[in-house]
1. Return the pairs, sorted by first residue and then second, in which the second residue is outside any helix (DSSP H, G or I), the first residue lies in region 298-320 and is in contact (Cβ under 8 Å) with a residue 60 or more places away in the chain, the beta carbons are less than 7 Å apart, and the residues are 6+ apart or on different chains.
2. Name, by its number, the condition in (1) at pLDDT below 80; (2) surrounded by fewer than 22 Cβ atoms within 10 Å (Cβ to Cβ) that does not hold for Met325.
3. Being in contact with a Gly (Cβ under 9 Å, 6 or more places away or on another chain) and without any contact (Cβ under 8 Å) to a residue 60 or more places away in the chain is true for just one of Ala173, Ala169. Which residue is that?
4. Among what's in region 379-400 and is among the hydroxyl-bearing types (Ser, Thr, Tyr) and assigned to a helix (DSSP H, G or I), pick the residue that is farthest from Phe328 (Cα to Cα).
5. Looking at region 263-270, is at least one residue buried (at least 16 other Cβ atoms within 10 Å of the Cβ), assigned to a helix (DSSP H, G or I) and out of contact with any Ser or Thr (no Cβ under 6 Å at 6 or more places or on another chain)?
6. Could you list all residues from region 83-142 that are of a type in the set (Lys, Arg) and free of Cβ contacts under 8 Å to residues at least 60 places away in the same chain?
7. Could you list, in sequence order, the residues of region 291-310 that are closer than 12 Å to Ala112 by Cα and of a type in the set (A, V, I, L, M)?
8. Just checking, which of Ala186, Ala106, Ala201, Ala114 is crowded, with 24+ Cβ neighbours inside 10 Å, in contact with a Phe, Trp or Tyr (Cβ under 6 Å, 6 or more places away or on another chain) and either outside the structural domain of Arg371 (by TED's automatic domain parsing) or small (Gly, Ala, Ser) (or both)?
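The values are calculated or read from the model by the stated rules, or taken from the named source; none is laboratory data. On a predicted model such as this, the values are computed, not experimentally measured, just so you know. Ideal geometry is used to build each Cβ from the backbone, glycine not excepted, and the neighbour counts take in all protein chains shown.
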Amino acid sequence: MLEGTAPRQDFPRRVGELVLGAAAVGLLLLVAARSAAEPGGPGRTLFALGFLVLAGIVGGKFAALFRLPRLTGYLAVGVVFGPDVLGTVGHGEVKALEFVNALALALIALQAGAELTAEMFRNAWRSLAWASVTQLAVVVPGMTAAFWLARDGLPFLADVPWPAVLALAVTWAAISVSKSPAATLAVIGETHARGPLTTYAVAMVVVFDVLVLGVFSVALTFARVLVDGGTTFSADDLAALGKELVASVAAGTTLGLLIAMWLRLVKGDQGLFVVALAYGVTAFCRYFHYDTLLVFVGAGFVVRNISRQGPVLVSVVDRMGATVMVVFFATAGAHLDVDILLSGWKMALAMAAARVGLTLAACRLGHRLARDPETVTRFGWTSLVSQAGVTIGLVALAAERLPPPLGAGLAALGIAVVALNELVGPVLFKAALSRAGETGQAAAAPPHG
């Protein structure tokens, strides 16, 4: 989806592009300093959109110069020029640009679904099953124990009875086991990766997203029962969740059939169709409480596997994706609360490190049981480190459902940990794809000797 890293011989040209881009960004900063536009107003929002596109592209090129994922550059631009650092893009503009998220997630999910094939699942079902089991069996208890051991260093847990602390620890573990399909799939798109590790990563982050929703719902329900005496557990909540997931799969299947029919009957540029589809279906999913990611992934899977329109869909998404991804990840960077990260960085770092260690242990165990290829066994864990939108959504839901002191404290810790994982995860995964020889550049390179 995103442009790959340029060859080494283009280094002088890339440096020249960076210098020109940086000059353009500097010019826009001067314009912003002299602007009298109302913060959060239409004029300021339009400026923020253009600024993030230009600055994000420059940041992505700078990151690629050091062989880092371009989305790391996009995130860094959002943090630096966001509300908490330089303030070039304020809170109002960040809020106003959230409309881009729906389009970006739709494009990411459609391409992810279009990359999945029935043959892939037939070949990888054993690996996915063992990986899912070990993630739940190792990471969830491990992160529960980590939260329990760290309770004295968490001020919001002062004077909280131990049953409630244990319930919050389980909720924290359910949040910790979540992954970032958006970041993982964006790195794959940027590097044009293909191979066993790529196949495992795509299937795992998509399939596991469904499992995480169920685990989190159960954990949060029990936490509310123990923390708030007025709340009771009801099996109806779990039944409703199951119905929503089944309905999401059915909606994705129907959407895929409609997309395939449209692409077959209507020729020409499909960009406007995809934009209308992204926003229309996202609104539909929010209204009926469907899993938006699952619906779009299902649609892409159907288009790829029961029609001949899969390459057409991927081509449309590729053409539209580059600029949208820049704004999406730059806005995600601007959303990160730097104050929270700085004030609780020690505890956040400890939790993030514990999560990475447990993820690595769970992956190694799962790969060994599944007898996965050596490449997947060595590097599969790197695709599961990133956290972003899905995790932030779970954190926000926990903050909303739990009593204010506990919910707010858990949310602050969660956002700080997400910030670290969001910055480190894509770097680890891109490096792993390169070492595995699955990136487009590596595949195109002549063999040694």
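1. From residues that are in contact (Cβ under 8 Å) with a residue 60 or more places away in the chain, the pairs are Phe301/Leu116; Val303/Gln309; Arg304/Leu116; Arg304/Thr117; Asn305/Thr117; Val317/Met1; Asp318/Met1.
2. So the condition that Met325 fails would be (2).
3. Details: Ala169 fails: in contact with a Gly (Cβ under 9 Å, 6 or more places away or on another chain).
Criteria check complete, one pass: Ala173.
4. Applying the first criterion (among the hydroxyl-bearing types (Ser, Thr, Tyr)) to region 379-400 yields 382-383, 386, 391.
So of that shortlist, the ones also assigned to a helix (DSSP H, G or I) come out as 382-383, 391.
Numbers: Thr382: 22, Ser383: 20, Thr391: 16 Å.
Looking at residues that are among the hydroxyl-bearing types (Ser, Thr, Tyr) and assigned to a helix (DSSP H, G or I), I get Thr382.
5. Filtering region 263-270 down to residues buried (at least 16 other Cβ atoms within 10 Å of the Cβ) leaves 263, 270.
Of the ones still in play, those that are also assigned to a helix (DSSP H, G or I) are 263.
Within this subset, residues satisfying the condition of being out of contact with any Ser or Thr (no Cβ under 6 Å at 6 or more places or on another chain) are 263.
The answer is yes, given that some residue of region 263-270 is buried (at least 16 other Cβ atoms within 10 Å of the Cβ), assigned to a helix (DSSP H, G or I) and out of contact with any Ser or Thr (no Cβ under 6 Å at 6 or more places or on another chain).
6. So the first thing to find is which residues in region 83-142 are of a type in the set (Lys, Arg), and the list is 95, 122, 126.
Scanning region 83-142 gives Lys95, Arg122.
7. Of region 291-310, the ones closer than 12 Å to Ala112 by Cα are 293-304, 310.
If the condition is that a residue be closer than 12 Å to Ala112 by Cα and of a type in the set (A, V, I, L, M), then Leu293, Leu294, Val295, Val297, Ala299, Val302, Val303 are the ones that fit.
8. Values: Ala186 fails: in contact with a Phe, Trp or Tyr (Cβ under 6 Å, 6 or more places away or on another chain); Ala201 fails: in contact with a Phe, Trp or Tyr (Cβ under 6 Å, 6 or more places away or on another chain); Ala114 fails: in contact with a Phe, Trp or Tyr (Cβ under 6 Å, 6 or more places away or on another chain).
Ala106 is the lone residue from the list that is crowded, with 24+ Cβ neighbours inside 10 Å, in contact with a Phe, Trp or Tyr (Cβ under 6 Å, 6 or more places away or on another chain) and either outside the structural domain of Arg371 (by TED's automatic domain parsing) or small (Gly, Ala, Ser) (or both).
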